[in-house]
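**Q** Structure below; questions to follow.
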Amino acid sequence: MSIRKMRWARVEYQLDLRTPQRPVPLGVVVLAETGFQVQSILAGKAPRSGFTPEELKTVGPLGRSQLDGWVAAMAKDLLGAIEKREDALETLASIWCWNLRVVIEPDVEAQRGHSLRDVTARLYTRHLGVPLPREIFEQPEPATSPESHWSVTEVGYATN
């Protein structure tokens, strides 16, 4: 695979729009477009039902409802934009622009031999500070771990 540029965006949650503070990083969206083919991966974390991660202790019921199922909802919007041949990142950024938002970042390079998944894992680690699990079905985190309060989801699309 030759070196190529990939477009990406970070997904984050702003706790209070009236008093902006450091947002909670939630995931990344990465796109590789070659001709008429688009490959994309959305990888993100959401709070598990019944748990409130430390970063979200100040989030009320409305804010929590925004976080429940966000990966599936955003994945649906991503696929819709790709199928309509829209600029998928711009579409997501226009839809997801409030507390839960998509922020487009500068393009990144994919080195020889690196897959879209490899680039996604690198950006996920850079944005969230923890590695993207290699296998989603890895051993669950121990119940005492702060990471056990989050579920990680990865969605990929390849279209022609």
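The values are calculated or read from the model by the stated rules, or taken from the named source; none is laboratory data. Keep in mind the model is a prediction, meaning the values are calculated, not measured. Neighbour counts run over all protein chains shown; Cβ positions are idealised from the backbone, glycine included. Accessible surface is based on the protein model in full, side chains and every heavy atom, while ligands, DNA and RNA are left aside. Shrake-Rupley method; radii C 1.70, N 1.55, O 1.52, S 1.80 Å.
**Q** For segment 48-60, which positions are open to solvent by 10 Å² or more (accessible area, probe 1.4 Å) and at negative phi? So that I can check it myself, show each step before the final result.
**A** Initial filter on segment 48-60 (open to solvent by 10 Å² or more (accessible area, probe 1.4 Å)): 48-52, 54-55, 57-60.
Across segment 48-60, the qualifying residues are Arg48, Ser49, Phe51, Thr52, Glu54, Glu55, Lys57, Thr58, Val59, Gly60.
**Q** Is it true that some residue in segment 61-69 is within 16 Å of Arg101 (Cα to Cα), open to solvent by 30 Å² or more (accessible area, probe 1.4 Å) and touching a helix residue (DSSP H, G or I) at 6+ places or on another chain (Cβ under 9 Å)?
**A** Keep residues of segment 61-69 that are within 16 Å of Arg101 (Cα to Cα), which gives 62-69.
Right, trim to open to solvent by 30 Å² or more (accessible area, probe 1.4 Å) and you get 62, 64-66, 68-69.
From the residues that got through so far, the ones that are touching a helix residue (DSSP H, G or I) at 6+ places or on another chain (Cβ under 9 Å) too are 64.
So far as segment 61-69 goes, yes, one or more of its residues are within 16 Å of Arg101 (Cα to Cα), open to solvent by 30 Å² or more (accessible area, probe 1.4 Å) and touching a helix residue (DSSP H, G or I) at 6+ places or on another chain (Cβ under 9 Å).
**Q** Residue check: is Leu15 outside any strand (DSSP E or B) and either closer than 15 Å to Leu92 by Cα or modelled with pLDDT of 90 or more (or both)? Talk me through it step by step, then tell me what you get.
**A** On the way: outside any strand (DSSP E or B): yes; either closer than 15 Å to Leu92 by Cα or modelled with pLDDT of 90 or more (or both): yes.
It is true that Leu15 is outside any strand (DSSP E or B) and either closer than 15 Å to Leu92 by Cα or modelled with pLDDT of 90 or more (or both).
**Q** Only one of (1) of a type in the set (Asp, Glu); (2) open to solvent by 80 Å² or more (accessible area, probe 1.4 Å); (3) in contact with a strand residue (DSSP E or B) (Cβ under 7 Å, 6 or more places away or on another chain) fails for Glu33. Which number is that?
**A** Condition (3) is where Glu33 drops out.
**Q** Looking only at segment 87-97, count every residue that is in contact with a helix residue (DSSP H, G or I) (Cβ under 8 Å, 6 or more places away or on another chain) and not hydroxyl-bearing (Ser, Thr, Tyr) and tell me the total. Quick ask: steps written out before the conclusion?
**A** So in segment 87-97, the residues in contact with a helix residue (DSSP H, G or I) (Cβ under 8 Å, 6 or more places away or on another chain) come out as 87-88, 91-92, 95-96.
Next, only the ones that are not hydroxyl-bearing (Ser, Thr, Tyr) stay: 87-88, 92, 95-96.
So the answer is 5.
**Q** What residue, among those in segment 18-30 that are under 18 Å from the mean Cα position of the chain (by Cα) and either among the β-branched types (Val, Ile, Thr) or surrounded by fewer than 20 Cβ atoms within 10 Å (Cβ to Cβ) (or both), is modelled with the lowest pLDDT? Please lay out each step first, then the result.
**A** The initial filter retains those residues of segment 18-30 that are under 18 Å from the mean Cα position of the chain (by Cα), namely 22-30.
Then drop every residue that is not either among the β-branched types (Val, Ile, Thr) or surrounded by fewer than 20 Cβ atoms within 10 Å (Cβ to Cβ) (or both), which leaves 22-25, 28-30.
Numbers: Arg22: 93, Pro23: 96, Val24: 96, Pro25: 97, Val28: 98, Val29: 97, Val30: 96.
Looking at residues that are under 18 Å from the mean Cα position of the chain (by Cα) and either among the β-branched types (Val, Ile, Thr) or surrounded by fewer than 20 Cβ atoms within 10 Å (Cβ to Cβ) (or both), I get Arg22.
**Q** Here's something else I'd like to know. Does any residue in segment 65-89 that is within 20 Å of Ser151 (Cβ to Cβ) come within less than 7 Å, Cβ to Cβ, of a residue that is open to solvent by 70 Å² or more (accessible area, probe 1.4 Å) and part of a helix (DSSP H, G or I) six or more places away or on a different chain, and which pairs are these?
**A** Cβ pairs passing all conditions: Asp77/Ile95.
**Q** Could you please let me know if Glu33 is modelled with pLDDT under 95, under 25 Å from Arg122 (Cα atoms), out of contact with any Pro (no Cβ under 7 Å at 6 or more places or on another chain) and part of a helix (DSSP H, G or I)? Walk me through it before giving the result.
**A** Values: modelled with pLDDT under 95: yes; under 25 Å from Arg122 (Cα atoms): yes; out of contact with any Pro (no Cβ under 7 Å at 6 or more places or on another chain): yes; part of a helix (DSSP H, G or I): no.
Against the criterion (modelled with pLDDT under 95, under 25 Å from Arg122 (Cα atoms), out of contact with any Pro (no Cβ under 7 Å at 6 or more places or on another chain) and part of a helix (DSSP H, G or I)), Glu33 does not qualify.
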